[in-house]
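Only the coordinates and a few stated rules stand behind these numbers; no lab work does. Predicted model, so just to flag it, every value in this text is computed and none were measured. With ideal geometry, Cβ positions are generated from the backbone for all residues, glycine too; neighbour counts draw on all protein chains shown.
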């Protein structure tokens, strides 16, 4: 198939981002390690530079370097059962092997645990390694997703505290105008990202989840900047043109599938070809949808972040199932591919019951494939292909 | 009270975990609430009129759970699910799951789906212990737990009754602290296994009865200041496998400290019994050595541990890490490095009920015991 031209810009965007990250300190910017579900807009408004160790680890995985650097982390005493992003990051530091010349040392480590508890512990290791201060935004899990007013107070108080601590650390007041502008740009990028995801609803789909995984980089690490907005504007224009011209992502699209969990980064190309050859298009995924809900209001962003962290990104069982049922309808899905990801227990431990619940409601079948987001030693790609092939056979036979 | 072996009541409960819960249910037709040990305040459940009982899934053989949860899950969570699926938790009417890690959070999701007739509550323990708002949130969570438990028993929440339960549990904890000291001074009589039987049975018994049984123990046995037992510092989630205490006794080891979640760690802080009981419970919890899934300043976490080890005068340290427990596995290398830098011998035991061999465990402990350089 004809490749999406806009995606070629990713290499340039990535290179420029990591160059700027390495230059940050020379440009009098403090480097902050963080995860996506933290208010990075505050960092920009204080002229700090956000760096995402997870993102670095994903690139390590996509470049098929995970086995080598993971082994270095295991040599440091980190168990092979730990998240492979963490092992790749720690092992990359230890071995001095990285596709991005490593990451600059942090002045601060900022993490929220609405995503998972693993990040907190991994970042604690980094905090000790670099003697960097660390701030956790602790987000309680309300189990069934019901409103928890006390938790809202608790989380919001931490965000107020965070702003004060960042101002203290930088010795400057938050630039209100820049804060609002960054929030506006984040919201715009998030809205564009959502529009791009919705294009997958077209039949045939002009973009697959594999392309979305590649397109994620600016959304993850450059939201709040014009770079992300420009990139997604261009991508959407191209996709709409392709769609109008009848160019589909997968030739002779026969099956429209959902992908659960993180990608298997080292196998993106291989699985994309494997599925494409069989007329199977991955048209949507919970993972790519996560970035669509990052917009907050300029008037009261702290309250909006509080609610996002508590109720949107906190992955409650019922809302997850409801979400999948909606996606099945909106994307006219034929099947679900559930990645039982050894590295992400947070998403994966529910997966057997999520599959059962979704199929009970929709009647749409799903298959669980056990693999790992990065560590090629934890799965056999041939076995995965066999399982997917059998599943497609089942769909074909109805 | 028995006139014979004073340790028998505790051993009976070890042998029959549900003995006391059954008695409670038969006599009072009351509500039995199970809980997964780390940091669930049993006095809240007790004050609601329920019978609280601790569930340790770690040592259970797993046969049915893998149909519902991936195999790369720790034994504690998987074992609890398996106990439920195999009917071994039929005696409990409800379950409290403390949110201490991603796996307990997911267990809560699965429990609600698989056991819709057995209510469960996820106790949302704050993780950022050094943030002042954590205390307020913890207090509201305790209040919520009390209301939930009272909703099951049909009693009205009553702060006075909670204060009475708190006093009872403080007395029990005080005596357990004394028992630990007794183990330190007379380890050949108050062996690891016997000491463990006190701690394990406490969370499976009516605390008033447990307190009475404990009073009959041989508190006046002579101290053995020249014991040649090797005192080790134990850190971990749960005593898994349970055979560990017997092997330690057999190999001539005793405990310099037990920092497992529901071990001496859980009782070592003396709480207050006057004032608001919810506040007292929160203060006691926040003063307790943090469980591995919580967050404190990272360097302080390691330094604090090292200081405690040195203060205990332990000959060595055993780190009990449940396989697939991410929180513990992230901490361990820095703990080990800190111990190595101080030349403190240490042993990391990665445990799992699914790949467990008593013989292998014993072999590793024998080698460690030899390393401690004392006669067996």
message = Can you compute the label reach from residue A:178? Point 7 Å from Cα along the Cβ direction, backbone N cut-off under 11 Å, restricted to segment A:7-37.
response = A:29-30
Partner chain coverage, peptide A:346-355 - average Cβ within 10 angstrom = 6
note = Mean 1/r over distinct Cα pairs of segment A:135-199, inverted to a Kirkwood Rh in Å, yields 14.7 Å
query = Hey, how many Å between the Cα centroid of segment B:1-68 and the Cα centroid of segment A:61-79?
reply = 43 Å
Cα pair distances exceeding 20 angstrom across segment A:5-175, given as percent = 56 percent
query = Working out 0.36 nm times the residue gap between residue A:220 and residue A:382, then minus their Cα-Cα distance, what length gain in nm do you get to one decimal?
reply = 55.3 nm
remark   = Put in order of increasing Cβ neighbours within 10 Å, starting from the fewest, A:122, B:219 give B:219, A:122
task = Let me know the mean shielding of B:114-126 by other chains, meaning the per-residue number of their Cβ atoms within 10 Å of its Cβ.
result = 2
inquiry  = For chain B, what are Rg and Dmax over the alpha carbons, in angstrom?
reply    = 20.0, 58
inquiry  = Sort B:335, A:231 by Cβ crowding within 10 Å, fewest neighbours at the top.
reply    = B:335, A:231
ask   = Using the count of nearby Cβ atoms within 10 Å as a rough guide to exposure, how do B:12, B:117, A:300 rank from fewest to most?
value = B:117, A:300, B:12
message = Please compute the contact order of segment B:235-290 in relative form: average sequence separation of alpha-carbon pairs under 8 Å and at least six residues apart, divided by the residue count, as a percent.
response = 31 percent
